[in-house]
Amino acid sequence: MKAYRAALLRFDDDQRPVYDADGLLVVGPDAQGRQVVRAVGDHARLIGNYPGVAVEDLSGMLIAPGFIDMHVHYPQTDVIGAPAAGLLPWLENYTFPHESRFHEAHHAREVADFFLDELARNGVTTALTFATSHPASVDAIFEAARTRGLRFITGKVLQDRHSPDGVRDETEQSLIDTEALIQRWHGVERLGYAITPRFAPTSTPEQLRGAGDLAAKYSDVWVQSHVAENLDEVRWAAELFPKSRSYLGVYGDFGLLRQRAVYAHCIHLDKADRELMAATGTTAAVSPTSNQFLGSGFFDYLAADAAGMGYGLASDVGGGTSFSPFRTMLAAYCIGREGQTKQGLSLTPGQLWWQHTAGAARALGLEGVVGNLQPGHEADFLVLNPKATPLLARKTSQADNLDELLFALIVLGDDRVVKRTVIARNL
Ligand code: GUN
Ligand code: ZN
């Protein structure tokens with residue numbers, strides 16, 4: 001067992017932030033040998049229960065749950081900042097050419113290691129990530145994530161039409177490869193597999209049907225895709241699947257809406273779509289920096305809440321412009337404020353932070369496992385420095401309450417705030 005003394009942030013069952021100015025986090029193995037939070041709370045109240053346990057003094061720092069990125073593309077690490085006239089030209093001119101290199105295992109592993117270093121530097125301890133259509137790209141990132149002991153989810157992209165040579169796969173083989181990868185990787189240590197149709201326009205109905213069959217056969221595997229990101233894409237999906245009620249409805253028609261199914265963007269949905277997401281337990285990966293960069297639109301938080309849909313935050317790198325959860329939370333705040341195309345609202349700092357930690361875990365079906373620092377959670381956590389820059393030091397020392405402290409970090413913070421990222425296995 002080991003303990004850490006610092007200010008502490010975690011969340012209660014009602015999504016509210018809980019803060020201890022002088023806290024203690026006690027970490028140790030559970031009955032299965034997993035490194036978990038054993039106790040957490042006020043230092044003076046807890047310390048007497050742990051005589052003989054080594055305490056690392058991190059006074060002045062803030063310990064917080066590791067961030068969860070609900071949607072990111074590791075093979076697009078080098079695509080960040082590629083300009084294009086919206087989603088479809090961006091895919092054709094930048095993304096597909098980059099992704100076509102990931103049949104090379106050596107290239108895939110080099111990018112995978114860089115990507116995982118970047119997640120750690122930014123305080124992201126779990127991600128649901130796209131690989132590419134090449135099985136070698138999946139093996140590369142799983143091997144790299146396993147070496148680091150991460151709780152990590154990925155899958156081979158399915159795209160058997162409307163895709164150029166080099167990334168297009170073959171219907172039957174793509175499904176055989178997917179099943180083999182599920183059997184090789186799902187449930188190995190902390191790794192999980194996600195069935196990954198890129199988006200409806202680049203899959204034939206046969207491929208989507210096969211993906212839906214696998215989603216039914218392997219019910220604890222994840223499903224990930226994109227939906228309703230961009231109006232040109234929405235029109236294209238409607239032309240290709242005229243019998244479906246809506247773009248989201250295409251996925252429903254093929255059995256791809258269920259618990260542990262996560263769809264990036266979910267911007268151009270209607271009420272019936274949002275209710276379908278809620279009824280099926282399907283959740284949204286809100287990707288605000290990507291939506292701003294590609295000019296896609298604005299996620300409607302109030303409509304999502306009215307329908308009872310689950311959601312959490314995501315970087316969507318390389319459409320997204322930053323790996324930093326602080327940048328993503330700030331962009332989410334701005335997207336929420338937008339009040340010209342929908343009703344605007346002010347998300348509180350606690351809500352923003354929750355959406356990137358405990359809320360993201362809930363939306364992934366990993367509630368109680370990661371994303372929080374309550375007893376029993378896997379001990380992935382961050383040591384944050386609230387005085388990492390002169391302006392942050394000035395602002396955070398003036399903070400009169402938790403909201404002001406968290407908001408200063410959200411607005412002014414980035415990777416410089418993340419002093420240490422601790423993964424449960426490497427205590
Ligand atoms: N839709 C289909 N593929 C992609 C992708 O790689 N990025 C984004 N943002 N949207 C997509
Ligand atoms: Zn994406």
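Can you give me the number of residues within segment 346-364 that are part of a loop (DSSP other than H, G, I, E, B) and either surrounded by fewer than 20 Cβ atoms within 10 Å (Cβ to Cβ) or of a type in the set (K, R) (or both)? Walk me through it before giving the result.
The first filter runs over segment 346-364 and keeps only residues part of a loop (DSSP other than H, G, I, E, B), leaving 346-348, 356-357, 364.
Okay, now just the ones that are also either surrounded by fewer than 20 Cβ atoms within 10 Å (Cβ to Cβ) or of a type in the set (K, R) (or both), so 346-348.
The total comes to 3.
I need the full set of residues from segment 291-307 which are of a type outside the set (F, W, Y) and either in a loop (DSSP other than H, G, I, E, B) or without any contact (Cβ under 8 Å) to a residue 60 or more places away in the chain (or both), in order please. Steps first, answer last, please.
Restricting attention to segment 291-307, the residues satisfying the condition of being of a type outside the set (F, W, Y) are 291-292, 294-297, 300, 302-307.
Those that are of a type outside the set (F, W, Y) and either in a loop (DSSP other than H, G, I, E, B) or without any contact (Cβ under 8 Å) to a residue 60 or more places away in the chain (or both): Q292, L294, G295, S296, G297, D300, L302, A303, A304, D305, A306, A307.
How many residues are assigned to a helix (DSSP H, G or I) and either among the aliphatic types (A, V, I, L, M) or not assigned by TED's automatic domain parsing to the domain that holds Y301 (or both) if we restrict to segment 329-345?
Counting residues in segment 329-345 that are assigned to a helix (DSSP H, G or I) and either among the aliphatic types (A, V, I, L, M) or not assigned by TED's automatic domain parsing to the domain that holds Y301 (or both) gives 5.
Looking at (1) of a type in the set (F, W, Y); (2) within 15 Å of ligand 1 (Cβ to nearest atom); (3) in contact with a His (Cβ under 9 Å, 6 or more places away or on another chain), which is the one condition that is false for Y193?
All conditions are met except number (2).
Would you say Q15 is in a loop (DSSP other than H, G, I, E, B), surrounded by fewer than 16 Cβ atoms within 10 Å (Cβ to Cβ), of a type outside the set (A, V, I, L, M, F, W, C) and at pLDDT below 95?
no
Return only the number of the condition from (1) among the small types (G, A, S); (2) surrounded by 15 or more Cβ atoms within 10 Å (Cβ to Cβ); (3) not assigned by TED's automatic domain parsing to the domain that holds I141 that A108 does not satisfy.
Just one mismatch for A108, condition (3).
Looking at A279, A228, can you tell me which residue is of a type in the set (A, V, I, L, M, F, W, C), more than 23 Å from V72 (Cα to Cα) and at pLDDT 95 or above?
Being of a type in the set (A, V, I, L, M, F, W, C), more than 23 Å from V72 (Cα to Cα) and at pLDDT 95 or above holds for just one of A279, A228, which is A279.
Any idea which of G166, G155 is of a type outside the set (F, W, Y), assigned by TED's automatic domain parsing to the domain that holds H106 and more than 16 Å from ligand 2 (Cβ to nearest atom)?
On the way: G155 fails: more than 16 Å from ligand 2 (Cβ to nearest atom).
Testing whether each residue is of a type outside the set (F, W, Y), assigned by TED's automatic domain parsing to the domain that holds H106 and more than 16 Å from ligand 2 (Cβ to nearest atom) leaves just G166.
Specify which of the listed residues (D117, D139) is without any contact (Cβ under 8 Å) to a residue 24 or more places away in the chain and of a type in the set (D, E, K, R).
None of the others qualify; the one that does is D117.
Conditions tested, residue by residue: (1) basic (K, R); (2) closer than 17 Å to R260 by Cα; (3) within 16 Å of ligand 2 (Cβ to nearest atom).
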| residue | (1), (2), (3) |
| --- | --- |
| P197 | no, yes, yes |
| Q207 | no, no, no |
| L214 | no, yes, no |
| N230 | no, no, yes |
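Report, by residue number, each residue of segment 90-141 that is outside any helix (DSSP H, G or I) and away from ligand 2 (no atom under 16 Å from the Cβ). Let's see the steps before the verdict.
Let us first name the residues in segment 90-141 that are outside any helix (DSSP H, G or I), namely 104, 122-134.
E104, N122, G123, T125, T126, H134, listed by residue number.
Assess whether A237 counts as being within 16 Å of ligand 1 (Cβ to nearest atom), of a type outside the set (S, T, Y) and surrounded by 24 or more Cβ atoms within 10 Å (Cβ to Cβ).
No; evaluated as a whole, the condition is false for this residue.
Determine whether N122 is modelled with pLDDT of 95 or more, within 22 Å of S315 (Cβ to Cβ), among the polar types (S, T, N, Q) and surrounded by fewer than 22 Cβ atoms within 10 Å (Cβ to Cβ). Before you say what the answer is, go through the steps one by one.
Details: modelled with pLDDT of 95 or more: yes; within 22 Å of S315 (Cβ to Cβ): yes; among the polar types (S, T, N, Q): yes; surrounded by fewer than 22 Cβ atoms within 10 Å (Cβ to Cβ): no.
Answer is no for this residue.
Could you list, in sequence order, the residues of segment 249-266 that are out of contact with any Pro (no Cβ under 8 Å at 6 or more places or on another chain), more than 16 Å from ligand 2 (Cβ to nearest atom) and not polar (S, T, N, Q)?
Within segment 249-266, G249, V250, G252, D253, G255, L257, R258, R260 meet the criteria.
Kindly list, by first and then second residue, each pair from a residue in segment 319-332 that is in contact (Cβ under 8 Å) with a residue 24 or more places away in the chain to a residue that is more than 16 Å from ligand 2 (Cβ to nearest atom) and among the acidic types (D, E), limited to pairs with Cβ atoms under 8 Å and residues at least 6 apart or on different chains.
As it stands, the answer is S322/D414; F323/E118; F323/D415; S324/D414; S324/D415; F326/D414; R327/D414, since those pairs meet every condition given.
Could you tell me whether D78 is assigned to a helix (DSSP H, G or I), touching a residue at least 12 places away in the same chain (Cβ under 8 Å) and either within 15 Å of ligand 2 (Cβ to nearest atom) or under 30 Å from E99 (Cβ atoms) (or both)? Show your work before the answer.
Numbers: assigned to a helix (DSSP H, G or I): yes; touching a residue at least 12 places away in the same chain (Cβ under 8 Å): yes; either within 15 Å of ligand 2 (Cβ to nearest atom) or under 30 Å from E99 (Cβ atoms) (or both): yes.
Spelling it out, D78 is indeed assigned to a helix (DSSP H, G or I), touching a residue at least 12 places away in the same chain (Cβ under 8 Å) and either within 15 Å of ligand 2 (Cβ to nearest atom) or under 30 Å from E99 (Cβ atoms) (or both).
If you scan segment 143-195, which residues turn out to be within 16 Å of K217 (Cβ to Cβ) and of a type in the set (A, V, I, L, M)?
Selection gives L158, L175, I176, A180, L181, I182, A194, I195.
The values are calculated or read from the model by the stated rules, or taken from the named source; none is laboratory data. Treat the numbers as computed from the prediction; the structure is a model and nothing was measured. Methodologically, a virtual Cβ is constructed for each residue, glycine included, from the backbone with ideal geometry; neighbour enumeration extends over all protein chains shown.
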